[in-house]
1. How high is the relative contact order of segment 8-202, given as a whole-number percent (alpha carbon pairs under 8 Å, six or more residues apart)?
2. Rounded to a whole number, what is D in µm²/s for segment 80-129 from Stokes-Einstein with the Kirkwood radius over alpha-carbon pairs (20 °C, 1.002 mPa s)?
3. Could you work out how much longer the chain between Asp45 and Lys112 gets when fully extended? Use 0.36 nm per residue separation minus the Cα distance between them, nm to one decimal.
4. Mind pulling the angle between the C-alpha long axis of helix 100-118 and the longest principal axis of the chain? Nearest 10 degrees, somewhere in 0 to 90.
5. Expected output is a single nm value to one decimal: the length gained when fully extending between Thr199 and Phe89, i.e. 0.36 nm times separation in residues minus the C-alpha distance. What is it?
6. Mind jotting down the distance between the C-alpha centroids of segment 163-183 and segment 78-136, whole Å?
7. Given Cα positions, please report Rg to Rh for segment 8-202, the hydrodynamic radius being the Kirkwood one.
8. So what is the 222 nm mean residue ellipticity for the chain from helices alone, if each DSSP H run of at least 4 adds -39500 (n - 2.57) and you divide by all residues, rounding to the nearest 500 deg cm²/dmol?
Amino acid sequence: MSEPRFSKLVVASHNGGKIKEIRDLLLPFCLEVVAARDLGLIEPDETEKTFVGNAILKARAAAEVSGLPAIADDSGLEVSSLKGKPGIFSARWAGPKKDFYLAMKKINNKLKVADRRAQRRVSRSARFVCALAVVWPTGKTESFVGTVNGDLCWPPRGERGFGYDPIFLPKTNSRTFGELEPELKHAISHRADAFQKLTNSLFR
C-alpha cells in the first residue's frame, strides 16, 4: 500500500463490546490501539444509507481529529422475513438507552405479527453484516464487508457478546453468539470475516 505502515490506530467507536472485539482481533499485529471514547472524540451522526458509508464516515471523523489512522465498524442484523430490517438501524431499535433486550423483543414481536398475517411460521433466517473502514489522516480509505448467516431464536440465550448476539444462531453452531466463547465467536463472526479481508489487504 502507498501509506506507511502504522503502529498506532484509533478505534472509532464508543461501544465497549465492539472496541473489545476489534482490539482482540488486532492483537496479532502488535498495534497500539486507542478508542475514540478514550480520546474524547465525538461520534458523528450516522447519516449514510449503507454500512460501508457509515463506517467510512466514522473512521474519517476520527482520523481527521486525531491525526492517526482510524478504523470504524458499522454492523447490524438483517432479518429476511422483515425485508432486511433492522439493518443499518440496528442500534436505533435499541433506543436511546441502548436496550438491546428491547430491540430483540421488537424483532420477535414483528416476526409473530408476520406469522399471523401469513397464517404460518415465517422464516427466522437472518444474517449479521459488518463493514470495516480504515481511513488515514491523508484521506486514503479502504473498506471491507463481512457476513455470517444464521437463524433467530427466542427467548435470548447467553450473556456473552453484545447487541443481538443472544438471539442469533450461526449456521455452523447450535449455540447463540451470546453463548459462544469469545475465541470461537471471533473465528466465525461477520466481524472476523471482514477482518480477514482487511488483514489480507493491509498486513500482508
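1. Taking the mean separation of contacting Cα pairs over the length of segment 8-202, I get 18 percent.
2. Reported coefficient: 187 µm²/s.
3. Full extension of this stretch gives 20.9 nm more.
4. Taking Cα atoms only, the helix is inclined about 40 degrees.
5. 36.9 nm is the gain from fully extending Thr199 to Phe89.
6. Each part reduced to its Cα centre gives a spacing of 15 Å.
7. Values: Rg = 16.8 Å, Rh = 17.1 Å.
On the Cα set of segment 8-202, Rg over Rh gives 0.98.
8. For the chain, the value works out to -10500 deg cm²/dmol.
Only the coordinates and a few stated rules stand behind these numbers; no lab work does. Quick caveat: nothing in here was measured; it's all calculated off a predicted structure. Using ideal geometry, Cβ is built from the backbone for each residue, glycine included, and neighbour counts are taken over all protein chains shown.
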